[in-house]
Every structure is written in C-alpha cells, then in structure tokens.
1. Tilt of helix A:354-364 relative to the longest C-alpha principal axis of chain A, in degrees (0 to 90, nearest 10)?
2. Once the Cα atoms of helix A:314-328 and of chain A are each reduced to a long axis, what angle between those two axes, in degrees from 0 to 90 to the nearest 10, is obtained?
3. Given R₀ = 25 Å, FRET efficiency for residue B:31-residue A:63 by Cβ-Cβ distance, to 0.05?
4. By counting other Cβ atoms within 10 Å of each Cβ, how are B:94, B:44, B:126 ranked from fewest to most?
5. Using label points projected 7 Å from each Cα along Cα→Cβ, tell me how many nm separate residue B:280 and residue B:333, to one decimal.
6. Ignoring everything except DSSP H segments at least 4 long, calculate the 222 nm mean residue ellipticity for chain B; use -39,500 (n - 2.57) per segment, divide by total residues, nearest 500.
7. What order do you get for B:134-146, B:173-185, A:303-315 when each peptide is scored by the mean count of other beta carbon atoms within 10 Å, highest first?
8. Using 0.36 nm per residue, how much length does the chain from residue B:349 to residue B:107 gain when fully extended, once their Cα-Cα distance is taken away?
C-alpha cells in the first residue's frame, strides 16, 4: 500500500470517453489498496475557449478575473471525474485547489505555490476515499483564486505529493516517458528508465516538451521523485529523481533539438564596456528571451555579437537592435533560423572529451557549427535548421544512446 | 445615490455581445453615483451542457459533485462581466457565492439560504467598485459549494438585497414585467405597475413564468421590494412589494392560465373515512403533484372524486389509481387535458361577487366549468383546454383589466 499522487493532463481527460478510461485506471490503483490523490487539468480546448471569450470582451483582461475565469476549467473536470469514479463504485470526492489548501503568493495568472496544506485530504484518504484535486489553481493569501500559469497542473501534482508526503508521484501524459532523442526523428531512440532533475530540466527545456521546467524545479527543491508515463498504456515510464552516483557512469543521457530559434549576427559594435548591456537590456525590455550569446572581436577594434532568440520574436528583435545601433553604431549582419542541438548528461561533469566527440561527429556529417555554448551537464551547438534531424541521428549513434534505455 | 442589486439571467448574458450590452447598462447605473451589486446566472445553455456531460458519465450523479460542476457556469459569467466592465473603464470585481458569504444549509442541488454575510462587498462598494456576484450558488456550513436549484439566481439577488440592505433590487429578465394576462393571448393585456408578493406568487405559479416562487417567498419573508423589468429596454417594470391598502381598491389584478394540467374523474369510490387519504397518499408516493381536488356523492352512497395533475404524469397516475381501485373499489371515469384559468387579486378578500362575475362571464361565452377552487386572493376554474384563450380574453374584458396598468 502506498500513497500515490497521479496527474492527468488535458488530453487525457479531453472527452467523456477519456475521463471514463482514466477513471478505470484510478480504480485499478485504488483496488490495489493504495491511497490515491488525483490531480487533473481542464479538458483540452476548454482553457483556450475561455481565453478567447475573455479577449473578445477585453483585449487586456484583468489577471485576477482571468484566474477567476480559468479556474472553472479544472473545477469542471474534478466533478466529472468524481462522477465517473462513482459509476465504477469507487468512493471519490473532488476538491478545488483552494479546498486542497494549495496556498500561493498574491500574483495572478502565474502564482507561485508557497505551501500545500492539504485541507481534509488526509482525513478523506483514511476513510478510503479517492480525492480528485483541481490542478493549475490555488488560493492566495488574500483569499482569492489564483492560477499557476502554463504547465501548472504538473506543478500542482508535484507540490501535492510533497505536501501530502506521497510515496509515489505519477505524471500521466501522452508520451511514454523521456527518450534519448525524439523518436519521430531518431528511429533508435529509447526510453530512459531514470534521469536526474537537472537532466530532465535540460532535456525538457530543449523541445522534449514532456513537462514544464517549473514543476521539475519544484520537485528538485523538495526532493519529490516522480514518474512520467503514458496515460494510454501500462508501460513503466521514466523516473525523475535526485542524482545518484551511478548516473555518472552514463556520459550522455540524451540528445535534444530545439527548432524554434533564430540566430542573429550583429557587427561593428563599439568594443567598449557597456555595449553588451545596452543591446541586451533593450532586448529584455522588449520581452525577448535571448538564449545563446557569443561575442568576439571583428575588424578595427569593433565587436561582433551573435545570439539566438525565439523565431517568433525575430522581426521585433530587428527593430530593437536597429534602434540601439542609432545610439551606439553597429549593423545587423544576418538573421537566420537555426536548430539548437544539445547533448545532456550529468556524467559530463567528470569527463572531458564529450565536446570534442560531438564536434567531430558533426564535422564528419558535413554539419557546420555556428555557435557553441556549454553548461556543466550540457553542450549545445547552433546548426543549420535543415541539418537538425541528420544531426540528431548522427549524434545519437555516435554516443550509442540506443543502449541508454532500460 | 442608492445601493442597487441588479440580477441578469442566462439569456441576458448568453453571448459576448449581450454581456457587453449588460455591462453598458451597469455602467449607466454606476455613473449615476449608485453603489451597484450585480448578480448573474450562467450563460444560457451552459448549465444544460454541464448536466448532459455529467449524465453521460453517471446517470445518477452525486449531488455534491453536481454542485461542484454546475457552479462553474456562474463563475465564468462573473469573470467575463467584470472584464467587460473594465473595458468600459468601470472598476469591477467578481465574487463567487462563497466569497460573497451566501451561507446555505448542507443540502445539495437545492440548498436553502440561511443568511448572506456579504464578505468584503460593503468595503468594495465604499471603494466605488461594482461587485459582480455569482448567482445560484453559495457555500454550506460544511465549507462545500452548494447550489440553490431552479431559479436560484433570482433568489440570490433577493437574498443579497436583504443581506446588504439594498435600497433597490432589480430583476432583469426577458419580459417587461408582470402583465394582467399573457399578451400573446390577450391583446389588451397591460403591464402592472405594482403587485403584492401574494399576487405575484399566484400569477407566477400560474404560467406567467416570470420568476420562481422561492425567490418571491424569500422577498416576502424579508420584506425586500424588487422590480421585474426587461434587460432589452429601459422601461420601468413591475414593482413587487408588501401589500398596501390601495391595492385593495383593485378587485382583480390579473388573469392567468395554466395549460399543463389533466383533469382526472374517478367514481364509485366507497364513501367512508380514509378513501381520499388512500388515493392521494398513493399519488403522493408516486411523486405526482395534485392541484385542484373536488369530492362529491354519486349514486348509491358511493363517492366521486375529481382532481387535476400535471399532464406529463397522466399515464403514471392512471396506473396508480387503478392499483388503488383493486383494494378499495372504484373506477376511472375519464382523464382529459384541461386549462386552469385563475383570477388573482388581494382586493377579493374584502369583496364578494368576483366568483359570480367570473362564472357569468364564462357562461355567456359558452365555456363550461368543470371544477372550481378558491383561495383568499384567487379563484380558479378548470375549463376545456381549447377554451383557454377565449376564456382569458373574455375575463380580461369583463374585469376591465386593460385599465389595471400604470
């Protein structure tokens, strides 16, 4: 018998049929004698429809009212899920985020969880009830409904597992776990049995859109081990947990590709203190997230700067840098969509040679590297957009990642 | 300056365009310097869609979960309405029933309001904010979300007006007020400027489906004067209030017709104590609401009984009475759809002659009366279904109701 927190996302509860299927799955866990707490999202499409309705009334809706509005999506799901469980003979009760004691700070639409008090959930579990909790939402110190922002239901589940001292936290999703690479691109990609929080963060933020980073960071902070697994079959997924020594034996855990970025090259900037600050301050003010940055010296003591930004912001960024150039000089040399390819693994920390092996593999494949950035457990390179898939395949093979799974 | 509670039903807030129109109307009240609290229903169709989804998962959904589910309809509307007001520059905040301190008993799906505490609404009003409150819902003593049942938003508005000591309570609906008769049937029907609670109750329960009886009863109990008026124009509506002396000068306030009933005649029942009890106990057990009842003596000391029931229950009722006949004897003579025509007015209390005038009018029109029942302020007759409209027109004319309006 274990105390289990399960989380089901919007696709898993998108229709009445899927809600019924999830209810069967919950029943199976319950029938094994477990204490089961289930965190659910709004049915897929519901949140977008609510946002659209809000925007048609007010292009810039108040954030407190937005939370009041959006929280209804999850509230609908918890009631329906409880009813579906009742029809299977499982005693279930629903709880809103507020009733479950998910206490957040006072910011709206992207509130931070301060603590999970749990409300009467422990009591309900001891009465052998399944408790269905609305994900994505909480109540702030001012007593108002708050929501947690994108991917908030994952965060709710992890926080609930921490607050209730759950033995197991299962994130059910539409993928089977974390893979060594995108299986649609690399045929040999295999599912990983386990990864560390940091590896998960690097892999997830790289386009393996399994889970939002915030939930992983929260899990890391509170040492919540969780499993990412499919809601459509019964296969074990990937366990995400604290780093253990044996993880260091694996040099590279996976290869991730992010195709959403544009590489901007600017040149002829004054090579003096403050240049970079002026440029990147202006971009930050325009709310443009800059990812990789490299600076080097060009002709006649002028500096060149190369950086990547989200593709969608490319036009806006051109406007920003051109305004900066008017003040300090400089020119926009080029702006090209690229792919960012990363290899990730905590084992890299104690081994050199990964970078060299990566560069060699790409060179042999005729793939040119435009930019390099590294962190303790990751090496990323910007390459031509059209080389993204080939690059993944070559790197996956070179590091023998097909042997990395279970 | 006055403290005003306004209520808008599901049709009035059914679409984004209508929400915007209602927001304009609220702004107008606010701009006059009034303190404005607005109670809204779910957008029309939302509640039915939620119920359908619930029933497809569970034909007999748990009532607590039903309340959790249905309360989202109003919660959506309050947020959207607040956003619409913001876009007009009106500072507005939404409050759920729970936040507004609508405290109910612990029964679900048809909870009774115990009191309205108001939450921070007085404070918000003093800050010159418009407060949008979710109708139809409250929170029970156990801390769970409850709903008030059919017509609950009218009840919310009246209770809110009582709890906040409002000066004015306006129920906006899709009719212009209470009429002397159904204007679709009687061309000369006029809108009444004012009626007493009891008259409203009799008229409303008779097919002038302006408002649910529970809300009127609550208003009567707490002496809340309210006005029923159209949300589609600016005409004054009908004020419903405590009886005042001048009301007695009007003999008949209006004529109402209920076309939903069937007249059942049973005969040859034993004329002994307990016969009626056996028959009507059996009907009550089958959940059949009996309205008018008349008993008289037939041949050879056997009794006849005539009564009316809802048309929809006619078949079920035949089964019930036939089962009773097996025990005590008796036979079903006939079962015919009828119309129940009623004249209503508090002035009747102190005047005789209304009944006689009614019977004479119908007789001159060739309309046969099958059953008569009377109360202090109402005389009802059962007539042939096909005479309903003609009966209304004749009675309206006879009592000169076209002069009864404002």
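Only the coordinates and a few stated rules stand behind these numbers; no lab work does. Values in this document were obtained by computation on a predicted structure and should not be read as measured data. Reconstructed Cβ throughout: ideal geometry from the backbone, glycine too, with neighbour counts over all protein chains shown.
1. Helix A:354-364 sits roughly 70 degrees off the main axis of chain A.
2. With both axes taken from Cα atoms, the answer is about 50 degrees.
3. That pair, residue B:31 with residue A:63, gives E of 0.45.
4. Listed from fewest to most nearby Cβ atoms, that is B:126, B:44, B:94.
5. In this crude label model, residue B:280 to residue B:333 measures out at 1.9 nm.
6. After summing the helix terms and dividing by the residues of chain B, the value is -10500 deg cm²/dmol.
7. Answer by packing, highest mean first, reads B:134-146, B:173-185, A:303-315.
8. 83.4 nm
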